[in-house]
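> First the structure, which I've put down as structure tokens, then a few questions once you've had a look.
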Amino acid sequence: MADIGTPTTDASLTGLMVRLQTGVPGGSPGLLGLLLLLVAGFSVAVPGFASTGTLQSFMQQLPLLGLLSLAMLMPLITGGLNLAIIATTNQCALLMVFVMRTLLPADPGGLTVVGVILLAMLAGIALCLVIGLLTGALVAYTGVHPILVTLGTKSLIDGISIFLTRGQAQSGLPEAFARVGNAALGGVPVGFLVLIACGLLMGLVLRRTPFGISCAMIGSNIEATRYSAIDTRRVLVGVYTLSSLMCFVAALVSLAIFNSASADYAQSYLLVTILAAVLGGVDPFGGFGKVSGLMIALAILQVISSGFNQFGVSPYLTAAIWGLVLIAVMTVQTIRPYLGAFGRPR
Amino acid sequence: MTDPVPFLRLAGITKRFGGVLALQGIDWDVRPGEVHCLVGENGCGKSTLIKTVAGVHPPTTGTIAIDGQPVLPLTPGRARALGIQVIFQDLSLFPNLTVAENIAVEGHLEHPRRPVSHARMRALAEATLRRLDFALDPDATVADLSVSERQIVAICRGLAAEAKLIFMDEPTASLTRAEVNRLLAIVARLKADGIAVVFVSHRLDEVVEIAERVTVMRDGRVVGTWPVAEVDQRRIAHLMTGLDIEHGVVARDMSAAAPLLEVEHLGRDGEYADVSFTLRRGEVLGLTGLLGAGRTELALSLFGMARPERGTIALEGKPLQLRSNRDAVDAGIAYVSEDRLGLGVILKQSIADNIILAELGHLRGRLGLIPGARRKALAAEWVKRLAIKIGGLDKPVGTLSGGNQQRVVLAKWLAARPKVLILDSPTVGVDIKNKKGIYDVVAELAQAGVGIIVISDEVSEVFATCDRVLHMRGGRILEEVVPGALSEHQLEARIYA
Amino acid sequence: MREGMLRRLQRRPEVWLLAVILGVGAILGAAAPGFLTLGNIVDLLETYAVQAIMAMGLFVVLVSGGIDISFAATASVAQYVAVLLATRAGLPGPLAIGAGLVIGTALGCVNAALIHFVRITSIIATIATMSVTFSLLMYFSGGKSLYDLPDWWTGRVVFWQTESPNGDLTRITLPIVMMGVAALGTWLFMTRTPIGRQLYAMGGNPEAARRIGANIGLLQFVAYGFLGFMAAVGGLLQAHRVGESVPNALYNTELSVLSAAVLGGASLSGGIGSVPGVLLGIVLLAMLQNGLNLLGVSSYFFQIVIGLTILVSTAITVLSARKRRRHRNLDEPLGTPIGGAPRQEPARG
């Protein structure tokens, strides 16, 4: 009985989380409803919205943001943040372009191209591994808040990229790369398939592996997790490494989309990834978050974006509306427990 | 009795949190300049009562009068202005600020327009410290002070705010006897100045010596108030619990059992030194002494979380090199922390995940994935074996009572099948019935051959569970006591000597 | 006690920072002849005045235990709207400036409301407001810059000037003076007013602040409102300095301002930091950027330096703090249990 009056922010949060977990309104089903509502609304309001063309562009635009959001998800669940995901993605893409451009002979044979591409990917993975391990080690072993650590790594990585490229976009990818990257299987773009695969994998890792469960536990109470004989430092290193590896996949998709790489591609996505995660039910205090919620949130954002786009609304206004949606959803989540039981102790 | 007009009078105070009645019809008073003890088990409503008087929680019904004047509604600011100060167990100090500013901080609230003068804060702090005859550098940062020094700062803050009634929540919990004596001297000074002091405690301790009256609370109600002379330890314990619990002595002679954990000359700088003992299979060994005697630090070393700098640990004759608590768990040593809410359970997460946490690595099936069924089965098994009352395995642990939360922690460690189980203050915040239940679990485990170390500052607890008791002080083992050969009272006298 | 003073002094990050600055200054002065001249130093001050003013605001929020990412967007909005009012609506100077300041403060208060009433963590709340305000600014402005600022706005205000023998003109101008005023004001506010001290208290132990009766909501509004105000001041001054209003000119300065504040010893966990420290943080970053420029190192290199400074400085602070912990005397009581997790108070009894 000793816990009845525990600090109430805790109690109401617990209540909120129970709600999110069990999926009553406010959880995924609520979001799913919002998504359906939006799709229906746009279909009625925007002529030609409900078309395969829209679906196609939806599937083409979602992967990059989706993969970046997946990269943000795991740090968020452990109660941290990774502000360096975009920087990592861009630097990885730059490195891969550099490797391909440098190693590719003037008139390459098919096998050489494949070899060079594989080599470039290897280099990209290696870079992301190094970045992830370093970031993770800094977060885990210094105890400095991840915001600060990744602010530093972001600045450093961006700085190195900009310094080396003088801020110029780098192109010169082999044609084969773009061809594979922009291919479609049964009408579904490869990028979208990659996103689905990564999402499923991440979902599996989060829900069904000791590592994933440890992540959630760390997000709720890192000390208690450490006292439960879990090597929290190793888990944290793993989290940032995985986040960084997700950036490698995002870099591949980004290369396929832009056919080039630059230090300032997709910079505006950084905040959108956090927004999508929080909208998707990830607890910004850590401990809870599902891939499915994130994916639905991403779909909502993308639908808003394509709908308004077809309306002819500026992308800037769309970004503003995204922010407002986040504030609105969080407001509803905060207020709901108080609507039920008025006069609860503060 | 023809009482003087009470300084504080509560009448019919009821406090409801959601569906739970935390306080029910409290009638209670405190006289001016009185030293009063408010005792009750953890969870009996003492803290809620203090917070109600301090204006933190508005009461659901009832009246509060100060100097005969009704004062509701009460805010924290109003309560302070009326001379009520609460020194919470965590002291509520500002670690980033200096001693002087911590003492003078309420001046910022009382005079919101007056420029802050560091010289004035310093002068106030020095004057207050002098009132208590205590030397402390007013410019020191509070984060750098010891616990007892911080307590002095907290008391000074109350004095500086011209308190007429000071509540002290578990003030002696982390003090040595010498420090307690100093505190008692300070309280005597306060009393001489006409300031009433209410000690709030979950046990009847040394502060009773200087108290005039004792009030006992149970289950959100006031059982009654008596002059100190009319009650004794046993009577109070009975009143607090409503049960006539005589745990009795369970000590067995285990010297014939095989040695399980052998510790020799273990030491760690600044924490404990030259600790040697042997824990036998199926034995329950008590580790008692004041907080800060090095008990918890020793336990953490046995659990692989603080490497000892000297000495050896051997389990079943094999020397152990513990680099992490994972090593300890794999070797068969588990540790239940005293800080259940901070280090034991993870409140927001599910009961199932809390229980399987230490066993995650062993649940892996194909492809390194944990089969959902196995996860559930393991958790369900232990919920059943420890008779944990739950609403569902997926409910957050935060929805359980203190006793059941503690069982979840036990389940987590028992699921790892330990050979040695270290329980650090296992019944803090656990009500009396659950306490008994946890003692039963301890006895059962010992029966099954597990070696158990019970760390506790409640002598009655170690007497009720242990075969032998080690008395620690200042990081060293002072003596070994066999419950029964020495009475509870005698051991208590030695601990506080 | 004297020894205590010395040790306390040693522990202040400002002291270390000053030592580093002097060291870096000496090196740069020796390596780049133009560095340690009066003219260069004054130029440097003027260039960084806007960032320093915004850092003062951010410092207050950091002390209160929060963080704010949105102030650069706030500054841009305040600046752009004020310029619009002055040029398109023809508002007189004081009114246009007043409107800009009110807008900045109001945007800060929106953050405070989201944090206090809606209970969104400060970083998420300010990320959201930043994305909303900046996007709306870009949408409504169409990204167009305004060049036709009125003369009263762009005219140089010189408080003091001197000419060196070789004809170089050194001027103390409005931005430098405003920076001084802002720093002094913030310092007085945080050290001499009850509200400022309560902000420190709240940052150090919010629960205790609530218990002694501090008005947490009010304090949040003061902190974020103050930052909004300072951001607006910075935004208006920036337009004064460059003579135009570019909607995204200040975009991305938030990170370097934050780095400077953290470098200057303001703690992200709240309650710790000082105005001189933050100023020194700005000075160090400014010196590095300017010095590297004078040395002919690409300006692109600067971001790398910022990143490294953040990482190194925070790591050092944390590691040195950790070193101080641990051992107490064997025969003295130990304070908190080892592992020192925050103890949660049991609810009742």
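> Would you please name the residue that is surrounded by the most Cβ atoms within 10 Å (Cβ to Cβ), looking only at residues in the stretch A:310-328 that are more than 7 Å from chain C (Cβ to nearest Cβ) and assigned to a loop (DSSP other than H, G, I, E, B)?
In this case the residue turns out to be A:Val313.
> Would you be able to say whether some residue in the stretch A:262-269 is of a type outside the set (Phe, Trp, Tyr) and either in a helix (DSSP H, G or I) or under 23 Å from B:Gly342 (Cβ atoms) (or both)? Steps first, answer last, please.
We begin by selecting, within the stretch A:262-269, every residue of a type outside the set (Phe, Trp, Tyr); these are A:262-264, A:266-268.
Those still in the list that are either in a helix (DSSP H, G or I) or under 23 Å from B:Gly342 (Cβ atoms) (or both) too: none.
The answer is no, given that none of the residues of the stretch A:262-269 is of a type outside the set (Phe, Trp, Tyr) and either in a helix (DSSP H, G or I) or under 23 Å from B:Gly342 (Cβ atoms) (or both).
> Looking at A:Val149, A:Val144, can you tell me which residue is in a helix (DSSP H, G or I), aliphatic (A, V, I, L, M) and in contact with a helix residue (DSSP H, G or I) (Cβ under 6 Å, 6 or more places away or on another chain)? So that I can check it myself, show each step before the final result.
Working: A:Val144 fails: in a helix (DSSP H, G or I).
Only one candidate qualifies: A:Val149.
A quick yes/no check of all residues on (1) within 17 Å of the chain's Cα centre (by Cα); (2) among the acidic types (Asp, Glu); (3) surrounded by fewer than 21 Cβ atoms within 10 Å (Cβ to Cβ):
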| residue | (1), (2), (3) |
| --- | --- |
| A:Ala183 | no, no, yes |
| A:Pro189 | no, no, no |
| A:Arg208 | no, no, yes |
| A:Cys215 | yes, no, no |
| A:Tyr227 | no, no, no |
| A:Ile230 | no, no, no |
| A:Val237 | no, no, no |
| A:Leu252 | yes, no, no |
| A:Ser262 | no, no, no |
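> Being within 14 Å of chain C (Cβ to nearest Cβ) and part of a strand (DSSP E or B), is that true of even one residue in the stretch B:242-265?
For the stretch B:242-265, residues within 14 Å of chain C (Cβ to nearest Cβ) and part of a strand (DSSP E or B): absent.
> Let me spell it out: the conditions are (1) part of a loop (DSSP other than H, G, I, E, B); (2) at the interface with chain A (Cβ under 9 Å from one of its Cβ atoms); (3) buried (at least 19 other Cβ atoms within 10 Å of the Cβ); (4) of a type outside the set (Lys, Arg), and B:Gly403 meets all of them except one. Which number is the exception?
Against the list (1) part of a loop (DSSP other than H, G, I, E, B); (2) at the interface with chain A (Cβ under 9 Å from one of its Cβ atoms); (3) buried (at least 19 other Cβ atoms within 10 Å of the Cβ); (4) of a type outside the set (Lys, Arg), B:Gly403 comes up short only on (1).
> Output the residue which, of all residues in the stretch B:12-59 that are within 21 Å of C:Arg211 (Cβ to Cβ), part of a loop (DSSP other than H, G, I, E, B) and free of Cβ contacts under 8 Å to residues at least 60 places away in the same chain, is farthest from the other protein chains (Cβ to nearest Cβ).
B:Pro59
> Here's a follow-up. State all residues of the stretch A:121-139 that are away from chain C (no Cβ under 12 Å) and surrounded by fewer than 24 Cβ atoms within 10 Å (Cβ to Cβ); if no residue qualifies, say none.
Correct list: A:Met121, A:Leu122, A:Ala123, A:Ile125, A:Ala126, A:Leu127, A:Leu129, A:Val130, A:Leu133.
> Which residue out of C:Ala223, C:Ala214 is modelled with pLDDT of 85 or more, part of a loop (DSSP other than H, G, I, E, B) and not aromatic (Phe, Trp, Tyr)? Walk me through it before giving the result.
Working: C:Ala223 fails: part of a loop (DSSP other than H, G, I, E, B).
Testing whether each residue is modelled with pLDDT of 85 or more, part of a loop (DSSP other than H, G, I, E, B) and not aromatic (Phe, Trp, Tyr) leaves just C:Ala214.
> Does B:Arg307 fit the bill of being of a type in the set (Lys, Arg), in contact (Cβ under 8 Å) with a residue 12 or more places away in the chain and not in a loop (DSSP other than H, G, I, E, B)?
Details: of a type in the set (Lys, Arg): yes; in contact (Cβ under 8 Å) with a residue 12 or more places away in the chain: yes; not in a loop (DSSP other than H, G, I, E, B): no.
In short, no.
> Could you list all residues from the stretch B:125-155 that are away from every other protein chain (no Cβ under 14 Å), out of contact with any Pro (no Cβ under 8 Å at 6 or more places or on another chain) and not small (Gly, Ala, Ser)?
B:Thr128, B:Arg130, B:Arg131, B:Leu132, B:Asp133, B:Phe134, B:Ile155
Residues are listed down the side, and each one gets a yes or a no for (1) surrounded by fewer than 24 Cβ atoms within 10 Å (Cβ to Cβ); (2) acidic (Asp, Glu):
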position	(1), (2)
B:Leu10	yes, no
B:Asp27	yes, yes
B:Thr48	no, no
B:Val56	yes, no
B:Thr60	yes, no
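> Which residue pairs have Cβ atoms closer than 7 Å, lie 6 or more positions apart in sequence or on different chains, and pair a first residue in the stretch A:325-346 that is closer than 16 Å to C:Ile115 by Cα with a second residue that is modelled with pLDDT of 80 or more and basic (Lys, Arg)?
Every condition considered, the pairs that remain are A:Thr334/C:Arg119.
> For the stretch B:382-409, name all the residues that are without any contact (Cβ under 8 Å) to a residue 12 or more places away in the chain and over 27 Å from the mean Cα position of the chain (by Cα).
If we filter the stretch B:382-409 for residues that are without any contact (Cβ under 8 Å) to a residue 12 or more places away in the chain, which is where we start, we get B:384, B:391, B:399.
B:Lys384, B:Gly391 - these are the residues of the stretch B:382-409 that are without any contact (Cβ under 8 Å) to a residue 12 or more places away in the chain and over 27 Å from the mean Cα position of the chain (by Cα).
> Could you check, for the stretch C:83-99, whether at least one of its residues is crowded, with 22+ Cβ neighbours inside 10 Å, away from chain A (no Cβ under 14 Å) and modelled with pLDDT of 95 or more? If you could, list the steps in order and put the result at the bottom.
In the first step, residues of the stretch C:83-99 are kept if they are crowded, with 22+ Cβ neighbours inside 10 Å; the result is C:83, C:86, C:96.
Cutting the leftovers down to away from chain A (no Cβ under 14 Å) gives us C:83, C:86, C:96.
Remaining after also requiring modelled with pLDDT of 95 or more: none.
Checked against the condition, which is being crowded, with 22+ Cβ neighbours inside 10 Å, away from chain A (no Cβ under 14 Å) and modelled with pLDDT of 95 or more, the stretch C:83-99 yields no hits at all.
> Of all residues being among the β-branched types (Val, Ile, Thr) and out of contact with any Asp or Glu (no Cβ under 7 Å at 6 or more places or on another chain) in the stretch C:55-94, which is farthest from C:Gly142 (Cα to Cα)? Just the residue, please. Steps first, answer last, please.
Filtering the stretch C:55-94 for residues among the β-branched types (Val, Ile, Thr) gives C:60-61, C:63, C:67, C:69, C:74, C:77, C:81, C:83, C:87.
Filter again for out of contact with any Asp or Glu (no Cβ under 7 Å at 6 or more places or on another chain), leaving C:60, C:63, C:67, C:74, C:77, C:81, C:83.
On the way: C:Val60: 33, C:Val63: 36, C:Ile67: 29, C:Thr74: 17, C:Val77: 13, C:Val81: 13, C:Val83: 15 Å.
Step by step, filter the stretch C:55-94, then rank; the result is C:Val63.
> Something else: If I go through the stretch B:313-331 residue by residue, how many of them are more than 9 Å from chain A (Cβ to nearest Cβ), in a loop (DSSP other than H, G, I, E, B) and closer than 18 Å to B:Leu298 by Cβ?
4
> Return yes or no: is C:Arg211 farther than 14 Å from C:Val60 by Cβ, charged (D, E, K, R) and at the interface with another protein chain (Cβ under 7 Å from one of its Cβ atoms)? Walk me through it before giving the result.
Values: farther than 14 Å from C:Val60 by Cβ: yes; charged (D, E, K, R): yes; at the interface with another protein chain (Cβ under 7 Å from one of its Cβ atoms): yes.
Judged against the criteria, C:Arg211 is a match.
> Look at the stretch B:406-415 and say how many of its residues are in contact with a strand residue (DSSP E or B) (Cβ under 6 Å, 6 or more places away or on another chain) and either over 30 Å from B:Glu316 (Cβ atoms) or at the interface with another protein chain (Cβ under 8 Å from one of its Cβ atoms) (or both). Even if it seems obvious, please write down each step before you answer.
As a first pass, look at the stretch B:406-415 and keep what is in contact with a strand residue (DSSP E or B) (Cβ under 6 Å, 6 or more places away or on another chain): B:409, B:413.
Next, from what is left, pick out any that are either over 30 Å from B:Glu316 (Cβ atoms) or at the interface with another protein chain (Cβ under 8 Å from one of its Cβ atoms) (or both): none.
Residues that pass the stated criteria total 0.
> Facing another protein chain (nearest Cβ under 8 Å), within 22 Å of the chain's Cα centre (by Cα) and surrounded by fewer than 24 Cβ atoms within 10 Å (Cβ to Cβ): which single residue out of B:Gly342, B:Gly361 fits that description?
On the way: B:Gly361 fails: within 22 Å of the chain's Cα centre (by Cα).
Within the list B:Gly342, B:Gly361, the selection yields B:Gly342.
The values are calculated or read from the model by the stated rules, or taken from the named source; none is laboratory data. Note that the structure is a prediction, hence the values are computed from the model and not measured. Glycine also receives a Cβ, built like all others from the backbone with ideal geometry; neighbour counts cover every protein chain displayed.
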